[in-house]
1. Could you size up the charge dipole of the chain around its Cα centre, putting +1 on the beta carbon of Lys and Arg and -1 on that of Asp and Glu, and report it in debye to the nearest 20?
2. Measure off 7 Å from each Cα along the Cα-to-Cβ vector at His44 and Asp71, then give the distance between these two points in nanometres to one decimal.
3. Of the listed pairs Lys77/Lys147; Lys29/Lys112; Lys18/Lys64; Lys91/Lys141, which have alpha-carbon separations greater than 27 Å here?
4. Only Cα pairs under 8 Å and at least 6 apart count here; give the relative contact order of the chain as a rounded whole percent.
5. If I model a spin label as a point 7 Å beyond the Cα along the Cα-Cβ vector, how far apart are those points for Lys87 and Gln109 in nm?
6. Hey, rough spin-label estimate for Ile9 and Ser128, points 7 angstrom out along Cα→Cβ, what's it come to in nanometres?
7. For region 1-52, state which chymotrypsin sites (Phe, Trp or Tyr not before Pro) are in a DSSP loop and have at most 13 other beta carbons lying within 10 Å of their beta carbon.
8. Of Asn41, Asn119, Asn145, which is the most mobile in a GNM of the chain whose springs link Cα atoms less than 10 angstrom apart?
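Taken together, the values in this text are just the output of simple stated rules run on the coordinates, not laboratory data. Being a predicted model, the structure only gives us computed values, none of them experimental. Neighbour counts are summed over all protein chains in view; Cβ atoms, including those assigned to glycine, are modelled from backbone coordinates with ideal geometry.
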Amino acid sequence: MMANTFSQIYIHIVFAVKGRANLIQNQWKDELYKYICGIVNNNHQKVYSINGMPDHVHILISIKPNCLLSDFVRDIKASSSKWLNSKNIIKGKFQWQEGFGAFSVSQSQVDKVIAYIENQEQHHKKLSFQKEYIELLHSYKIEFNEKYVFDWIEEDVAPPELLK
């Protein structure tokens with residue numbers, strides 16, 4: 001990185017288990033989160049908060065300007081799924097869904113986003129992951145086509161409340 005380069009770039013990252021399967025189990029999720037934090041730290045970026053539900057993960061990180069976000073998230077997902085599969089803690093093969101959400105966060109909103117991430121269990125008593133994700137896309141004014149937001153399983157049909 002160039003000398004005299006100063007930055008403060010916070011990103012709220014969200015990604016799901018392939019097919020939105022409820023594979024992330026309470027008994028090993030903390031170990032997964034620690035592993036993901038290690039990946040982030042080893043890439044000289046910083047985790048502020050990480051949490052999720054059995055079917056998805058939220059991470060608030062700060063990145064340096066030379067970080068290529070799509071490559072970085074690809075590496076987090078590839079390394080963590082490879083690690084999980086090497087531990088043989090689920091039946092079959094663990095995979096993350098293709099793609100991810102990345103939302104910029106201003107310094108003034110960091111504490112609010114941390115609280116949001118830390119309160120995932122409470123939050124999801126009222127809201128499904130699909131609805132939460134669609135709300136995030138809307139609140140950040142991200143244009144999207146519902147058809148491509150999730151990896152729908154073949155027999156799946158997008159819930160009517162997600163289609164506008």
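1. Numbers: 19 positive and 18 negative charges, 75 e Å.
Result for the chain is approximately 360 debye, rounded to the nearest 20.
2. Output for this residue pair reads 1.3 nm.
3. Working: Lys77/Lys147 23 Å; Lys29/Lys112 23 Å; Lys18/Lys64 29 Å; Lys91/Lys141 38 Å.
The answer is Lys18/Lys64; Lys91/Lys141.
4. Working: 193 pairs, mean separation 50.7, N = 164.
Relative contact order here is 31 percent.
5. Simple spin-label model gives 3.1 nm for this pair.
6. Going by the 7 Å Cα→Cβ label model, 3.5 nm.
7. On the way: sites: Phe6, Tyr10, Phe15, Trp28, Tyr33, Tyr35, Tyr48; in loops: Phe6.
The qualifying sites are Phe6.
8. Asn145
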